[in-house]
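Trainee: First the structure, which I've put down as structure tokens, then a few questions once you've had a look.
The values are calculated or read from the model by the stated rules, or taken from the named source; none is laboratory data. Every value quoted in this text rests on a predicted model; they were computed, and no experiment measured them. Please note: Cβ atoms are built from the backbone with ideal geometry, for glycine as well, and neighbour counts cover all protein chains shown. Heavy atoms of the whole protein, side chains included, go into the accessibility calculation; ligands, DNA and RNA do not. Shrake-Rupley method; radii C 1.70, N 1.55, O 1.52, S 1.80 Å.
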Amino acid sequence: MSKPLNISRINELKNNAYDNIESYNDPDSPEALAKFTDSMKAILLADPSMLAAVPEYLPVALFNRVRFSDAAKTKWATWIDTATLPSWDEFKVTIQFNNDDVPLVLAVRKYSEELLIESCAVVYLLNTQDNVVAPSKSFNASDSDASDDGYDPYNDDGDYDESDEEGYYDQYDDEER
């Protein structure tokens, strides 16, 4: 039986994350948001328990650093519409993290797998809803500069469906929990 996804919490996290993103998303200082998210990632990697007080920092740290295939977007939309928290096995095949963010993802997963999934739901909403920040050029997966940041949008083809699951190699499952 699936666990429920707390939609009111997701919306609160989304609104708080959006406020943080907007405050650093300044056209006069185009690097401000990137510098802020980099510092957030370093702080959270050093002490993931800080997320107990400021859970919105994880979606901010992962903002536009997570990719969702079209098939994954459909699954995320369903999970959010039905308020269903996906299992780890369902979750891991619907999301692509930037390679530079893997240590943070592993640390947060060890701290709270549910918070990691919720934060990715927030990132999904931030990337797909009309009232949120538009992704900047530097985060566009189709941009020719995308490979410079260590993110490989074609890692494992990025095309996940149920038939891919059986032979799926998951670096996130290799770590001790």
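Trainee: Out of (1) touching a strand residue (DSSP E or B) at 6+ places or on another chain (Cβ under 7 Å); (2) closer than 13 Å to V123 by Cβ, what's the single condition that is false for W76?
Mentor: For W76, the exception is condition (1).
Trainee: Looking at K14, K35, which is the one that is under 14 Å from S119 (Cα atoms), assigned to a helix (DSSP H, G or I) and among the charged types (D, E, K, R)?
Mentor: K14
Trainee: May I ask you to list pairs of residues, at least six apart or on different chains, whose Cβ atoms are under 7 Å apart, with the first in the stretch 48-67 being free of Cβ contacts under 8 Å to residues at least 24 places away in the same chain and the second being open to solvent by 30 Å² or more (accessible area, probe 1.4 Å) and part of a loop (DSSP other than H, G, I, E, B)?
Mentor: Within 7 Å, no pair qualifies.
Trainee: Filter the stretch 56-82 for residues that are under 29 Å from S23 (Cα atoms), open to solvent by 20 Å² or more (accessible area, probe 1.4 Å) and assigned to a loop (DSSP other than H, G, I, E, B) and give the result.
Mentor: Scanning the stretch 56-82 gives E56, R65, F68, S69.
Trainee: Across the stretch 88-105, what is the total count of residues that are open to solvent by 30 Å² or more (accessible area, probe 1.4 Å) and either of a type in the set (F, W, Y) or in contact with a helix residue (DSSP H, G or I) (Cβ under 9 Å, 6 or more places away or on another chain) (or both)?
Mentor: Residues in the stretch 88-105 being open to solvent by 30 Å² or more (accessible area, probe 1.4 Å) and either of a type in the set (F, W, Y) or in contact with a helix residue (DSSP H, G or I) (Cβ under 9 Å, 6 or more places away or on another chain) (or both): 4 in total.
Trainee: Condition first: assigned to a loop (DSSP other than H, G, I, E, B), modelled with pLDDT of 90 or more and either in contact with a helix residue (DSSP H, G or I) (Cβ under 7 Å, 6 or more places away or on another chain) or surrounded by 15 or more Cβ atoms within 10 Å (Cβ to Cβ) (or both). Can you find one or more residues in the stretch 142-151 that meet it?
Mentor: no
Trainee: Can you tell me which condition E175 does not meet? The list is (1) in contact with a helix residue (DSSP H, G or I) (Cβ under 6 Å, 6 or more places away or on another chain); (2) open to solvent by less than 30 Å² (accessible area, probe 1.4 Å); (3) modelled with pLDDT under 95; (4) within 25 Å of D47 (Cα to Cα), and all the others hold.
Mentor: (2)
Trainee: Turning to a different aspect of this structure: Might you check whether a residue that is without any contact (Cβ under 8 Å) to a residue 60 or more places away in the chain, open to solvent by 70 Å² or more (accessible area, probe 1.4 Å) and touching a helix residue (DSSP H, G or I) at 6+ places or on another chain (Cβ under 6 Å) occurs anywhere in the stretch 28-35?
Mentor: The answer is no; no qualifying residue exists.
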